[in-house]
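K.L.:
Can you keep this structure in mind? I'll have questions shortly.
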Amino acid sequence: MLIDARMFRLGNARNVIRETFEYGKSRAEVVGRENIYDFSIGNPAVVPPEVLNRTMEEILENEPPIDVHGYTSAQGDASVRQAIAEELNSRFGTHFHKDNFYLTCGATAAIAISLGAILVPECNEVIGIAPYFPEYGVFTENSGGKFVVVPPDTVNFQIDFKALEEAINPRTRAIIINSPNNPAGIVYSEETIKALAALLEKKSKEYGNAIVLISDEPYREIVYDGLKIPFVTKYYKNTIVCYSFSKSLSIPGERFGYALVPDEMEDSQRVYLAVCGAGRSMGYICAPSILQRTLGKIVGAVSDISEYKRNRDLLYGGLTKIGFECVMPQGAFYLFVKAMGGDSAEFCQRCKDLDILVVDGAGFGCPGYVRLAYCVKPEMIERSMGAFKKLYDSYK
């Protein structure tokens, strides 16, 4: 049977996060769920806001089924896109409208079609700044591009601008950023975003070709301690925002988000139509109708993120008290821990031997660290401290 070798390779490749998660489920059958400390997967642990289920029920009860479950426009219902635009405008002082948005099945689809829209053979390199979401490389390759990794700044977990500037060349088409960040939980400061915008303006002018900034923002609403997120389109005009409601509304399995192409972008209408065309070519048209109708009525609602802050403080406080070196999360729901001994693969195995399930930072382009997803029950965090103490002592 003839098959695409690239697709076979991707299908046959290990997904360490999912693999660890599945191991945890099977291991729990042996030792009991209460004895497994599973920090492997970023599955929201808080319930969706009540208004979401209530609104969906009202739609199902009161609106014609043919309309509720029928097709919308390929890029999404116009009134829903306009509602999203107005909500962002009210928060960030922007001037978006419905025709800046293409509704998708999550941020991953938004990133995939954005790359499909802008990559061309003569200018096809995409830069990811470590630590980064591993699928960026997959999406880039699928669109005929080359994924280039800029090493992490492990001092502040902002951007190593010297390394970034060295990576940019005439074939650079896009840079993907993710803030709040998965896996490190950091937020890019306004100073960082301004410096990034200035560098991209300079390089775009130097090469005579606009470098596109793709801002992957599924954790935008999950920030702590009153921190303000710089809205990137206000700093760099050639930005495409890829967003998902999965984390802010605790509905990851529902797959709903958007790609945003602002008017300020160079040739914005052509870029937007290319996004529409990429969505068509990949089959990403008409995001789920019931979700469109629901989100259009409750846009701006957010789950209770105070539980994540409590978990952050509990886990960070507990591990640093034991002696682990951790990156203080400013957002999202991940803690990045420095692997004792420097070998993150060995560290993960020692964790596994104690039924602590974590993910190796090497898969995120940051070896020497491990990721803990703390979107879990606080009781599990408390129970895990004894095992973490044994882990720490094993290195002493």
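K.L.:
In region 12-111, which chymotrypsin sites (Phe, Trp or Tyr not before Pro) fall in coil by DSSP and have 12 or fewer other Cβ atoms within 10 Å?
P.N.:
Values: sites: Phe21, Tyr23, Tyr37, Phe39, Tyr71, Phe92, Phe96, Phe101, Tyr102; in loops: Phe39, Tyr71, Phe96.
Passing sites in region 12-111 are Tyr71.
K.L.:
Then there is this: Be a star and scan region 92-110 for residues whose amide nitrogen sits under 19 Å from the point 7 Å along the Cα-to-Cβ vector of Ile290.
P.N.:
104-106
K.L.:
Have a look at the DSSP beta bridges in the chain and tell me what percent are antiparallel, nearest 5.
P.N.:
Numbers: 19 of 39 bridges.
The answer is about 50 percent antiparallel.
K.L.:
With the crude spin-label approximation of a point 7 Å out along Cα→Cβ, what separation in nm comes out for Phe8 versus Tyr392?
P.N.:
4.9 nm
K.L.:
So, one more: How big is the dipole moment of region 230-318 about its Cα centre under a simple scheme where the beta carbon of each Lys and Arg is +1, that of each Asp and Glu is -1, and everything else is neutral? Debye, nearest 20, please.
P.N.:
Values: 11 positive and 8 negative charges, 36 e Å.
I would put it at about 180 debye.
K.L.:
Give, as a single signed number, the net charge of other residues whose beta carbon lies under 10 Å from the beta carbon of His95, with Lys and Arg counted +1 and Asp and Glu -1. Intermediate values should be presented prior to the final figure.
P.N.:
Details: positive: none; negative: Asp263, Glu264.
Charge balance near His95 sits at -2.
K.L.:
As a footprinting exposure proxy, order Met56, Met1 by other Cβ within 10 Å, with the fewest listed first.
P.N.:
On the way: Met56 19, Met1 2.
The most exposed by this proxy come first: Met1, Met56.
K.L.:
In addition: Name the trypsin sites (Lys or Arg not before Pro) in region 194-280 that are in a loop by DSSP and that have at most 15 other C-beta atoms within 10 Å, would you? Present the calculation step by step, with values, prior to reporting the outcome.
P.N.:
Details: sites: Lys194, Lys202, Lys203, Lys205, Arg220, Lys228, Lys234, Lys237, Lys247, Arg255, Arg270, Arg280; in loops: Arg220, Lys228, Lys237, Lys247, Arg255.
Qualifying residues, ordered by number: Lys228.
K.L.:
Using unit Cβ charges (K, R positive; D, E negative) and no other charged atoms, how large, in debye to the nearest 20, is the dipole of region 51-298 about its Cα centre? Numbers along the way, then the final one.
P.N.:
Details: 22 positive and 30 negative charges, 53 e Å.
Dipole about the Cα centre, nearest 20: 260 debye.
K.L.:
Here's a follow-up. Along the Cα→Cβ direction, 7 angstrom out, place labels at Tyr23 and Asn53. What is the inter-label distance in nm?
P.N.:
3.4 nm
K.L.:
Related question: So which chymotrypsin sites (Phe, Trp or Tyr not before Pro) in region 335-396 pass both tests, a DSSP loop state and at most 16 other Cβ atoms within 10 Å of the Cβ?
P.N.:
Working: sites: Phe336, Phe347, Phe364, Tyr369, Tyr374, Phe388, Tyr392, Tyr395; in loops: Tyr374, Tyr395.
Within region 335-396, the qualifying chymotrypsin sites (Phe, Trp or Tyr not before Pro) (loop, at most 16 other Cβ atoms within 10 Å) are Tyr395.
K.L.:
Sticking with this one: Lys205: which lysines have alpha carbons under 25 Å from its alpha carbon, excluding same-chain residues fewer than 8 sequence positions away?
P.N.:
Output for Lys205: Lys146, Lys162, Lys194, Lys234, Lys237.
K.L.:
Magnitude of the Cβ-charge dipole of region 155-254, K/R +1 and D/E -1, about the Cα centre, nearest 20 debye? Present the calculation step by step, with values, prior to reporting the outcome.
P.N.:
Numbers: 12 positive and 12 negative charges, 73 e Å.
Computed charge dipole of region 155-254: roughly 360 debye.
K.L.:
Okay, moving on. Testing the spin-label approximation: label points 7 Å from Cα along Cα→Cβ at Glu201 and Asn89. State their distance in nm.
P.N.:
So the label points at Glu201 and Asn89 sit 2.6 nm apart.
K.L.:
Suppose only helical runs count, i.e. DSSP H with n ≥ 4. What mean residue ellipticity at 222 nm does that imply for the chain under -39500 (n - 2.57) per run, divided by all residues and rounded to the nearest 500 deg cm²/dmol? Show your work: numbers first, answer last.
P.N.:
Numbers: 14 runs with 171 residues, N = 396.
Rounded to the nearest 500, it is -13500 deg cm²/dmol.
K.L.:
Along the positive direction of the dipole of the chain (beta-carbon charges: Lys, Arg +1; Asp, Glu -1; about the Cα centre), which of Asn62, Cys351, Ala274 reaches farthest?
P.N.:
Cys351
Here, each number is a calculation from the coordinates, and none is a lab measurement. Bear in mind that the values here come from a model prediction, so they are computed numbers and not experimental data. Don't worry about glycine lacking a Cβ; one is built from the backbone with ideal geometry, like all the others, and counts go over all protein chains shown.
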